[in-house]
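Below is one structure, written out as C-alpha cells; comments come after it.
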Amino acid sequence: MIERTLWYVADPMCSWCWGFSPVIEAIRREYGAHLKMELLLGGLRPGTKDAIPSTQREEILHHWRAVHRMTGQPFRFEGAMPAGFIYDTEPASRGVVAASIINSDAIFPFFKAVQSAFYVEQRDVTTAVVLTRLASDAGLDARQFSQVFESDTAKSQTLGHFQKARQWDVHGFPVVIMQDATGYSVLTAGYRPFEELRLKLDEWLKDSITIFDRH
C-alpha cells in the first residue's frame, strides 16, 4: 500500500492557524493511523526588524477577533502586542523545529504550546527565554533545547521549511496538502470546519481505510 501524507503548512504566530488548531488535532486523532502527518513551518513574518505600528496592531487585532468569532478559540486581546513588539515569526518557528530535532514526536504538541502561549497567555514567543521555558514545560531538557535552538542546524532547517512553502506557492495559512502516488492536492487553503474536511479525507482515504479495517 502506498503511504499517504498530509502536510499541514502553518505558522505558530498565525491567528487563523490558532483558530484551526482544534481541526488539525481532530484530524490527527481520527486519521493518524491511516496516514503520515507532517508539519511545515510556512513563515508568516520571518525576519521582521521593526516594531509593529499601532495601525497595523489594530488591523491584526481585528483579524484575531474574526478568528475568535468564527472558531471560538480563546484570545487575550487586552495588552496584546505591546508598544515596541517586533512581530518576527522566525524564532517561534525555529523553536518548533528545535523541539522536533530533539524529539520528532514533539513537533505538533510544541507548535500548539507556542500558539497558546502567544494568543492566550500573551507570552513573547519571539524570545529564546520564553521558548526555552515552554520547551522545559513540555518535558524537553532546557539546556539541550537552548543549544539546538541557537544552532546552525535549526536555523538552516527552519529556512528550509520556509523555502519549501514558497516552492509550493503557499503564502497564506493554514493550508493542508494531501500527497499520494498521484502527486499533491490541496485539502484546504484557509480555515474549514472539521466536518467539512472529513468528507474529503474519507473520500481520499477510502481504499486505505478499507484495508486497515480488514485487519
| message | Give me a comma-separated list of calculated 3J(HN,Hα) values for region 57-72, in order, Karplus coefficients 6.51, -1.76, 1.60 applied at θ = phi - 60°, integers in Hz, x for any Gly or Pro. | response | 4, 5, 5, 5, 4, 4, 5, 4, 5, 5, 5, 4, 5, 6, 10, x
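Could you provide, to the nearest whole Å², the per residue accessible area of the chain with probe 1.4 Å?
Accessible surface, normalised per residue, equals 50 Å².
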| query | Normalised by the number of residues in region 52-151, what is the relative contact order in percent for Cα pairs under 8 Å and 6+ residues apart? | reply | 26 percent
| said: Over 5 Å intervals from 0, what percent of Cα-Cα pairs in region 69-205 sits in each interval? | reply: 2, 9, 16, 17, 18, 17, 12, 6, 2, 0
| note | The percentage of Cα-Cα pairs in region 56-144 separated by more than 21 Å is 33 percent
| Can you give me the relative contact order of the chain as a percent, contacts being Cα pairs under 8 Å and 6 or more apart? | 31 percent
| said: Leaving out ligands, DNA and RNA, and with a 1.4 Å probe, what % of the accessible surface on region 1-136 is carbon or sulfur? | reply: 51 percent
| Calculated from backbone phi, Karplus (6.51, -1.76, 1.60) coupling profile of region 26-43 in Hz, x at Gly/Pro | 5, 5, 5, 5, 7, 10, x, 7, 9, 8, 8, 10, 10, 9, 10, 6, x, x
| task | Give me the Kirkwood hydrodynamic radius of region 115-160, using the inverse of the mean 1/r over all pairs of distinct Cα atoms, in Å to one decimal. | result | 11.2 Å
| field | Mean-position separation - Cα centroids, region 106-147 and region 17-66, in angstrom | value | 15 Å
| task | Take peptides 37-50, 176-189 and line them up by average Cβ neighbours within 10 Å, highest first, as a rough protection proxy. | result | 37-50, 176-189
| Residue-wise HN-Hα coupling along region 144-157, computed from phi with Karplus coefficients 6.51, -1.76, 1.60 (Hz; x: Gly, Pro) | 4, 4, 4, 5, 5, 4, 8, 6, 5, 4, 5, 5, 5, 5
| If the viscosity is 1.002 mPa s and the temperature 20 °C, what Stokes-Einstein diffusion coefficient in µm²/s follows for region 41-108 when Rh is the Kirkwood radius over Cα pairs? | 155 µm²/s
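The values are calculated or read from the model by the stated rules, or taken from the named source; none is laboratory data. The structure presented is a predicted model; accordingly, all values stated were derived computationally and were not measured. Using ideal geometry, Cβ is built from the backbone for each residue, glycine included, and neighbour counts are taken over all protein chains shown. Ligands, DNA and RNA are excluded from the accessible area calculation, which covers all protein heavy atoms including side chains. Shrake-Rupley method; radii C 1.70, N 1.55, O 1.52, S 1.80 Å.
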